[in-house]
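Let me begin by presenting the structure, written as structure tokens, before commenting on it.
Here, each number is a calculation from the coordinates, and none is a lab measurement. All values reported here derive from a predicted model rather than from experimental measurement. Note: ideal-geometry Cβ built from the backbone for every residue, glycine included; neighbour counts use all protein chains shown.
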Ligand SMILES: [Zn+2]
């Protein structure tokens, strides 16, 4: 959390420290002179800031062979191992905890079913599980610097207030403040898909570009838009609700109240529902039945050539492609990343997506535009960690650590 307004002098201090830390993180090992050159800060400021970072243990000096031969130059790199954070992914019926070091390495992860129907249930359950997680891994946890939480819903990422969740009624839940109060540690809260888009940018498939769009197809369908290396946020802070683009005016009713939203066709529950319906109607399929049918089963059978499973997924790819074409026309991204179980059928779904993108977006926008599968889908907590990483890079968390 930002902690509200901070004075100008403090803000400049925070931004300068962040600029130095960011350079060392992204370009290290790097010398103080290079840091001063690239950041355009006065060498004296760089010396002062690096001294503070060294004293706090956030960076370290390494000897590097100078390219000219001669004596070894001293360079700086970040120190990531001793700084730990807890990243939490809250789902509609589960909660997952991971412990990360500052380098983004997942040290351990725990998943459990978690059912909640009210805001009070949610807060009490989350707090209890978190206490439990910290207690049972006390021995492994080094310096705990932050907690990150991502969840399905609309969140003000600056204040950490949850404004809406799709599954329960929420009344301005000040989640970050609550966790900070109970655990005496910085907490960052954000939307799950937007968090994963940032994670994809820091650690995954869109590391090599500044503008990308992550389209996530899980329980719901959403997107996260990265512009200039940052999550694109409007005045109301939540942008990318691709799941509620209407693709069929006569379609099924969506949980949002409208009809024929993308999510009523291209989300795991909708895919399952439709395949079950077709099997019930007597369509032939190698899928044995509707009892216990999963999205993984459908993907597996589609890959083995089952026509019903295959056609169902192509239909999903077509509708996804139409919605993605709209986002391409609006944002002209350098890359589209798709996350979700359906990417197991890349050879079936992606051609359908591409065909629709080609037909419905500007040629200059989709020519040479890579559409790829997520690289971090199997690390669902990485989105929560990415908010912590961002707070280090923009100085919000870094400054707190320096002042400790
Ligand atoms: Zn909707």
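Calculated from the alpha-carbon coordinates, segment 299-404 shows an Rg and a Dmax of 18.4, 62 Å respectively.
Distances between every pair of Cα atoms in segment 131-242, grouped in 5 Å steps from 0 to the bin holding the largest one, split as 2, 11, 19, 19, 18, 15, 11, 4, 0 percent. From largest to smallest, the equivalent ellipsoid semi-axes obtained for segment 239-293 from the alpha-carbon gyration tensor read 26, 11, 8 Å. For the chain, averaging the sequence separation of C-alpha pairs within contact (under 8 Å, six or more residues apart) and dividing by the residue count gives a relative contact order of 16 percent. To the nearest 10 degrees, how steep is helix 268-280 against the longest Cα principal axis of the chain, on a 0 to 90 scale? So the inclination is approximately 20 degrees. Placing pseudo-labels 7 Å out from each Cα toward the beta carbon at residue 346 and residue 182 gives an inter-label distance of 4.0 nm. Global dimensions of segment 193-259 from alpha-carbon coordinates: Rg and Dmax equal 13.5, 40 Å. The alpha carbons of segment 99-139 occupy a box of 35, 19, 16 Å along the principal axes, longest dimension given first.
Among beta bridges from DSSP that stay inside the chain, the antiparallel ones total about 60%. In this structure, residue 360 and residue 280 have a Cβ-Cβ separation that, at R0 = 41 Å, corresponds to a calculated FRET efficiency of about 0.80.
One decimal place: the segment residue 326-residue 11 gains 109.6 nm when fully extended, by the rule 0.36 nm per residue minus the C-alpha distance. Of the residues 230, 360, 40, the one that moves most in a GNM of the chain with alpha-carbon contacts below 10 Å is 40. Using the Cβ-Cβ distance between residue 404 and residue 74 with R0 = 35 Å, the FRET efficiency computed as 1/(1 + (r/R0)^6) comes to roughly 0.85. Relative to the longest principal axis of the chain, what angle (0 to 90°, nearest 10) does the C-alpha long axis of helix 346-360 take? Roughly 90 degrees between the two axes. Taking the longest Cα principal axis of the chain as reference, the axis of helix 382-393 is set at about 30 degrees.
Relative contact order for segment 200-315: 15 percent, from Cα pairs under 8 Å spaced at least 6 residues apart, divided by residue count. For residue 142 and residue 27, the FRET efficiency from 1/(1 + (r/R0)^6), where r spans their Cβ atoms and R0 equals 25 Å, is about 0.45. A simple packing score, the average count of other Cβ atoms within 10 Å per residue, orders the peptides 291-303, 188-200 as 188-200, 291-303, with the highest score first. With contributions of -39500 (n - 2.57) from each DSSP H run of at least four residues, the per-residue ellipticity at 222 nm computed over the chain stands at -13000 deg cm²/dmol. The stretch between residue 207 and residue 63, if pulled fully straight at 0.36 nm per residue, gains 49.0 nm over its current Cα-Cα span. At q = 0.11, 0.15 Å⁻¹ the log10 of I(q)/I(0) for the chain amounts to -0.87, -1.37, computed by Debye summation with a single uniform scatterer per C-alpha, solvent ignored. Projected onto their three principal axes, the Cα atoms of segment 243-340 cover extents of 43, 31, 18 Å, largest first.
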